[in-house]
Amino acid sequence: MQTQETKNEKNTFDFYAYLDRMKFIRRWPLMRCTRDENIMEHSQCVALITHALCAIKNTLFGGHADEGKAVLYAVYHETSEVMTGDLPTPVKYYNRGIQGEYKSLEKLACEKLVATLPEELRGSVSPYVFANESSEEYKIMKAADRLAAYVKCLEELRCGNSEFLKAKASIEADLHSRKMPEVEYFFEKFIPAYLLSLDELESL
């Protein structure tokens, strides 16, 4: 079997091939969905909303968030799941012991993935795979992550899937509890449009 060390000797590396497999990792594994969502499309949605929240915060509320850093946190925030899969939320957060072990597993998976990059490139990627969780940019990205999940709930409910009613209520309460003006602005100005059909959007 070819090891990463052997591949490195031949100047071939696996990092981006691994990340390309994000499109095969399904989210919401315990939920009945009208349309499956993978972690690649979820990450793109989170990146868009992260940029929006940064722009809102910086432009309207006097913030100084680094938009590029925050968006890159979003791009890489599900990186570990190409190795761990998407563990269902009720299991992941069942108790602190399981949560702690899963965090350790995520860290190990990220370390293994970063090791599949050429050594000279690791310094350019690693800071975004291993995000600074105390930073303002990470806080914004995590809010965007929840907003992306909320948008998914709205999509499912719009299709008549009541399976997502409880998730919608829980995520909405969590987002409002964060007391982030950029999140409240996004709710007020952008969330209503997610409830519209294409015909309704085009008629505005």
Item to complete: Identify which of the listed values of Kirkwood radius over Cα pairs in Å was calculated from the structure shown: [x] 18.5; [y] 17.9; [z] 17.3.
Response: [x]
Item to complete: Report the net charge of residues surrounding ASN58, where surrounding means a beta-carbon distance below 13 angstrom and charges are Lys +1, Arg +1, Asp -1, Glu -1.
Response: -3
Discussion item. Once R0 is set to 35 Å, what does the formula 1/(1 + (r/R0)^6) return for the Cβ-Cβ distance between ARG158 and ALA55, expressed as a FRET efficiency to the nearest 0.05?
Written reply: 0.85
Worksheet entry | Net +/- balance of residues flanking GLU136 in space, Cβ distance below 12 Å, scoring K and R +1, D and E -1 | -1
Discussion item. So the label point goes 7 Å from the Cα of ARG35 along Cα→C-beta, right? Which residues of the stretch 121-156 then have their backbone N under 13 Å from it?
Written reply: 151-156
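Nearest 500 deg cm²/dmol is fine: what mean residue ellipticity at 222 nm does the chain get from its DSSP H runs of n ≥ 4 alone, each adding -39,500 (n - 2.57), divided by its residue count?
Helix contribution divided over all residues of the chain: -19500 deg cm²/dmol.
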Worksheet item: Magnitude of the Cβ-charge dipole of the chain, K/R +1 and D/E -1, about the Cα centre, nearest 20 debye?
Response: 520
Worksheet item: Using 7 Å Cα-to-Cβ label points, what is the GLU133/PHE24 separation (nm, one decimal)?
Response: 2.9
Worksheet item: Using a 1.4 Å probe on the protein chains only, how many percent of the accessible area of the chain belongs to carbon and sulfur?
Response: 55
Response to the item:
Candidate span helices, the chain: DSSP H, at least 15 Å along axis from Cα coords, Kyte-Doolittle average at least -0.5, result 39-60, 96-114, 119-129, 136-158, 165-177
Item to complete: Would you grab the residues whose amide H sits under 5 Å from the one on ASN38? Only those 5+ places off in sequence or on another chain, please, with H modelled 1.01 Å from N.
Response: ARG27
Discussion item. Could you compute the net charge surrounding PRO181? Neighbours are other residues with a C-beta less than 11 Å from the C-beta of PRO181; K and R count +1, D and E count -1.
Written reply: 0
Worksheet item: Using a basic spin-label model with each label point 7 Å from the Cα along Cα→Cβ, how many nm lie between SER126 and SER104?
Response: 2.2
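The values are calculated or read from the model by the stated rules, or taken from the named source; none is laboratory data. What you see is a predicted model, and the numbers here were worked out from it, not measured in a lab. Quick reminder, even Gly has a Cβ in these numbers, built from the backbone with ideal geometry, and neighbours come from all protein chains shown. Surface areas here come from the heavy atoms of the whole protein model, side chains and all, with no ligands, DNA or RNA. Shrake-Rupley method; radii C 1.70, N 1.55, O 1.52, S 1.80 Å.
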